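Report on one structure; see the data block that follows.
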Amino acid sequence: MKRYLFLSLPALIVVTGVVAQEQMATFRQGTPLHENATPPAIAKVNNSDLRQTRNYPEQPPLIPHKIDGYQIDVHVNQCLQCHSRAATEVSQAPMVSITHFMNRENQFLTSITPRRYFCNQCHVTQGQVRELVGNQFIDVDTVLDIARQPQDGGD
């Protein structure tokens with residue numbers, strides 16, 4: 001009996017996986033795995049140059065403009081043409097954070113540390129897209145407002 005159960009277990013797992021796959025919502029939107037889905041059009045990037053609200057402490061700022069074709073490699077960082085300390089007076093762009101000038105020992109350097117040189121590892125543009133999944137995110141200010149409200153004792 002144990003041997004029969006042991007041999008039928010892999011078949012049960014495969015069948016369960018196929019049933020689960022048919023019921024699971026995916027980004028493939030019903031296209032079977034053996035077929036190529038038509039990819040959606042590439043979304044337009046917000047290009048307003050307006051600062052966007054940060055939703056939580058220490059969130060890297062979003063990039064409020066297009067960066068298509070920007071060169072960011074070991075030799076050139078095109079972001080620094082506007083966001084470096086020397087360029088901000090002319091460009092009126094915000095200067096990179098002082099934390100980008102700190103090395104691993106938290107000592108300040110005269111130029112941006114190499115570990116903070118590749119901006120788009122943390123900073124991203126925002127696309128004009130609809131939400132793919134429901135989102136109930138609450139920003140930190142709302143959480144603090146809720147915490148400050150008097151709690152009803154419910155006597």
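Bear in mind these aren't lab numbers, they're just calculated from the coordinates by the rules spelled out. Please read these numbers as outputs of a predicted model, since none were measured by experiment. Cβ sites come from the backbone with ideal geometry, for glycine too, and all protein chains shown count toward neighbours.
Quick look at the values:
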| item | result |
| --- | --- |
| Linear extension gain, THR99 paired with ILE42, 0.36 nm per residue minus alpha-carbon span | 17.2 nm |
| The stretch 20-85: C-alpha gyration tensor shape, a/c 1.5 cut-off, then a/b vs b/c | prolate |
| Separation of the ASN120 and LEU144 label points, Cα + 7 Å toward Cβ, nm | 3.3 nm |
| Loop GluC sites (Glu not before Pro), the stretch 77-155 (other Cβ atoms within 10 Å of the site Cβ: 14 or fewer; DSSP) | GLU105, GLU131 |
| Per-pair calculated FRET efficiency, R0 = 35 Å: LEU62 and PHE108 via Cβ, rounded to 0.05 | 0.85 |
| From phi via Karplus (6.51, -1.76, 1.60), per-residue ³J(HN,Hα) for the stretch 48-58 in Hz, x at Gly/Pro | 8, 6, 9, 4, 10, 5, 8, 8, 8, x, 6 |
| Length gained when the stretch THR53-ALA87 is fully extended (0.36 nm per residue, less Cα-Cα span) | 9.9 nm |
